[in-house]
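Step one of this worksheet: look at the structure below.
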Amino acid sequence: MKKMHCSVLCAAVLVFLTFWTGAAFAAAPSGEPIKIGYLATLTGDGSTWGQHERDGALLAIKELNEAGGVLGRPLELIYYDVRGRQEDAIQAARRLVHEDKVVAIGGTNYSGLNIAIASVVNNGKVSQIGTASTNPAVTVDPRTNTVRPYTFRLCYTDPYQGKVMADYLVNKLGVKSAAVITDIGSDYSEGLKEFFVARFEEQGGELKGIWGFRGGDVDFRAQLTEMKATGAEAVALPILYKEMGLIMKQAAELDWKPIFIGGDGFSPSMHEIAGDTMEGSYWVYSMDLGNPQMIYLLSRFEKEYGRPAAEPGNVAYSYDLITWVADAIRRAGNADPVAVRDALEDTQNLRLVHFTLTVDKETHNPLNKPAAMMLWKDARLNFLEMWAPQDKF
């Protein structure tokens, strides 16, 4: 009788612990690993994003394997450094498809790189999922206006980002005039600029002008001097974080403090460049960094790597991307890349860390993904409010 009581008690404890720990008592996965590819900029400009995406993906792989893997098999992440260059991304994508035989590819967070590898993944019939690649042409071919069958994304698009930036300036902040500075060699920058300008003027804002530069430039004083002379109340920054930081710092050196607003090309690390000149700037972001699931993920990240995440959004993107691929493999019932593609496209109401995903089959974009407005204040990002899409892009 005593022995039976112990067995029942032990079983009850096992059920309790399994419920609360999930992976603690899962059977170890076995057999050939299911390979997932990842393209990340690990060196050069943008490396802070790429390194955090790689580490977030590795954390997801580790936790999934500890929970028993997928279909009883372990997952393996194969990643390559694309250095922010199209030729490197194309070469790495070909290797992942034809040599490594991955079931799907995560990354990159650069629109231009994802557009460049679209034909590689389409011809190879292996899905590719962009994280923060926001240009509409990533998933929809502008030449045919049809969805790219093997390309998906987790973020919203530039039309929506541009709309939010313009609407917030006009309708929330009461701004009546703005200038724009753009990287004329960047698909991301030029696309976001175009959509911001169209929406700002549609809302009745006065565009004071558009100034350009080329990636790698470090001195923007000439452009800023001309902008200041126009009397623009705000400056839109549809660019990336390094140039954002330099522009805000150099504007302050010219004794000019307009309202700065930018898209998701920003990074908290640009505070190292801009310092206090970032105070009071506004940023459109893809997630609320303060939601409980995000906080819990970042605590696990810090425990795993012994450091806090400097780019929390990129960690969430890649972690959620791996979660999405794993869910698609389960629903497909096998690791065939074509079956996984179909399951990715059929995703509905998948709860991820930073939002609940339903895929728009016509665009391969998240359906009605909300955006977050952020304010840089007291040397950190502060969440202001969520903005749900009003139009379908």
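Summary of values
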item	result
Residue within segment 379-387 that is without any contact (Cβ under 8 Å) to a residue 60 or more places away in the chain and part of a loop (DSSP other than H, G, I, E, B) present	no
Test set (1) out of contact with any Lys or Arg (no Cβ under 8 Å at 6 or more places or on another chain); (2) within 26 Å of residue 156 (Cβ to Cβ); (3) in a helix (DSSP H, G or I) - residue 224 fails condition number	(2)
Of residues in segment 364-379 being modelled with pLDDT of 90 or more and in contact with a helix residue (DSSP H, G or I) (Cβ under 8 Å, 6 or more places away or on another chain), the one farthest from residue 172 (Cα to Cα)	364
Considering residues of segment 266-308 that are of a type in the set (Gly, Ala, Ser) and either surrounded by fewer than 21 Cβ atoms within 10 Å (Cβ to Cβ) or free of Cβ contacts under 8 Å to residues at least 40 places away in the same chain (or both) only, the residue farthest from residue 376 (Cα to Cα)	306
Which listed residue, of 141, 158, is acidic (Asp, Glu), buried (at least 19 other Cβ atoms within 10 Å of the Cβ) and under 30 Å from residue 349 (Cβ atoms)	158
Unique residue being assigned by TED's automatic domain parsing to the domain that holds residue 266 and more than 24 Å from residue 70 (Cα to Cα) when the list is 309, 379	379
Counted residues, segment 63-92 - those being under 19 Å from residue 134 (Cα atoms) and surrounded by 24 or more Cβ atoms within 10 Å (Cβ to Cβ)	3
Odd one out for residue 170 among (1) modelled with pLDDT of 90 or more; (2) surrounded by fewer than 24 Cβ atoms within 10 Å (Cβ to Cβ); (3) under 18 Å from residue 131 (Cα atoms)	(3)
Residue within segment 93-102 that is surrounded by 17 or more Cβ atoms within 10 Å (Cβ to Cβ), of a type in the set (A, V, I, L, M, F, W, C), touching a Lys or Arg at 6+ places or on another chain (Cβ under 6 Å) and free of Cβ contacts under 8 Å to residues at least 60 places away in the same chain present	no
Residues within segment 237-285 that are closer than 24 Å to residue 312 by Cβ and not in a helix (DSSP H, G or I), tallied	19
Checking residue 243 against (1) buried (at least 21 other Cβ atoms within 10 Å of the Cβ); (2) more than 24 Å from residue 285 (Cβ to Cβ), the condition it does not meet	(2)
Segment 295-319 - residue that is in contact with a His (Cβ under 6 Å, 6 or more places away or on another chain) and in a helix (DSSP H, G or I) and, of those, nearest to residue 238 (Cα to Cα)	314
Candidate set: segment 320-342, residues that are acidic (Asp, Glu) and part of a helix (DSSP H, G or I); chosen: the one surrounded by the fewest Cβ atoms within 10 Å (Cβ to Cβ)	342
Positions within segment 258-305 being among the hydroxyl-bearing types (Ser, Thr, Tyr) and out of contact with any helix residue (DSSP H, G or I) (no Cβ under 9 Å at 6 or more places or on another chain), in sequence order	296, 299
Single residue of segment 31-79 satisfying the filter (outside any helix (DSSP H, G or I) and modelled with pLDDT under 95) that is farthest from the chain's Cα centre (by Cα)	31
Options 201, 194: the member that is outside any loop (DSSP other than H, G, I, E, B), surrounded by fewer than 19 Cβ atoms within 10 Å (Cβ to Cβ), at pLDDT 90 or above and under 24 Å from the mean Cα position of the chain (by Cα)	194
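The values are calculated or read from the model by the stated rules, or taken from the named source; none is laboratory data. Fair warning: this is a prediction, and the values are worked out from it, not measured in the lab. No Cβ is skipped: glycine too gets one built from the backbone with ideal geometry, and neighbour counts run over all protein chains shown.
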